[in-house]
Amino acid sequence: MILLEKTRNQLVSDSRNVKKERDGQTRYQKRLKSRIGSSVREYNSMNMNKLFKDNILDVNIQVYGETDNYIVTLSFGSILDELKTLLRNGQPLQLRDIVRALVASFNKDNVYIHCSCPDWQYRFAYFATKKDINAGNPELRPSDITNPDDDLGDGCKHVMLVLNNTSWIIKTASVINNYVKFMEKNQKRLYADIIYPAIYGKKYTEPVQMDLFNDDELATDKKTLDKSNEYARTKNQFKQGNEYRYPRQERNNTIPLDLDGEKNVRQENKWEFR
């Protein structure tokens, strides 16, 4: 088995000019028929221990397809390295710093991909495993009938959508930022021992009260992440100067992030890059 691994740009490039389906389109072209989940709550399944201890982000992204809904999983690293560079002058962490770190690491690091759809399972999972780009369970059964020549690209249309869409980066950054602020306020020792050194690359020097129970694991269950997001909403809701300080429905953030210098096209409250 030859381990190739690929960056985001390589995954996209290898899937643009490939064999077309009967309808005359590739999966890269079909990606626009699906949409990505726009609520921060849909991203509350990240392993914060893996992020802050191993410098690896696993993120599950809800994709609403033409016929069903699926979960695309991405895994990549070096986020903390990017944050340390951005915060080298000691300035406090902000949401935009996390967004920038995610974009930079997503572009530079090897990216592992997976989708819960049947198309991925029967056509792409085997070759993804062979190339060492599979973020899910290994697939050892060759796709001799559905994709024998590996000429359909590196992923299904849902994966292609996520690789070319930046809205999930903003939502993921929001979840991470909310979690960091929540832990700093409510779990000071774990914040000081694990999160702060991981972000800033140095020890936390302020006095911290010892816990009764010496737990070295971050709480990363969905309930805790929900609490951290709620904490962020209530903390900033009535803050002076906050344009959205009054209760409101969660809106879709459409900050245009240029992933690879390509033309950005806004479509249905999401940013695509071609």
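Read-outs throughout are calculated quantities, based only on the coordinates presented, and are distinct from any laboratory measurement. Source: prediction; values computed, not measured. Cβ placement follows ideal geometry from the backbone for every residue including glycine, while neighbour counts extend to all protein chains displayed.
Below is a table of values for the structure above.
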quantity	calculated
Contact order normalised by residue count of the range 8-205, Cα under 8 Å, 6+ apart, percent	27
Chain lengthening between residue 140 and residue 221 when straightened (0.36 nm per residue, less Cα-Cα)	26.0 nm
For peptides 48-54, 146-152, sequence by mean Cβ density within 10 Å, most packed first	48-54, 146-152
Sites residue 184 and residue 66, calculated FRET efficiency, Cβ-Cβ separation with R0 51 Å, nearest 0.05	0.75
Distance histogram in 5 Å bins (all Cα pairs of the range 39-88, percent per bin)	5, 18, 21, 20, 15, 10, 6, 3, 1, 0
Burial ranking of peptide ranges 111-119, 80-88 (average Cβ count within 10 Å, highest at the top)	111-119, 80-88
Cα gyration tensor, the range 39-168 - rounded (a/c under 1.5), prolate or oblate	prolate
Packing-based ranking, highest mean first, of 57-70, 26-39, 157-170 given that Cβ atoms within 10 Å are counted	157-170, 26-39, 57-70
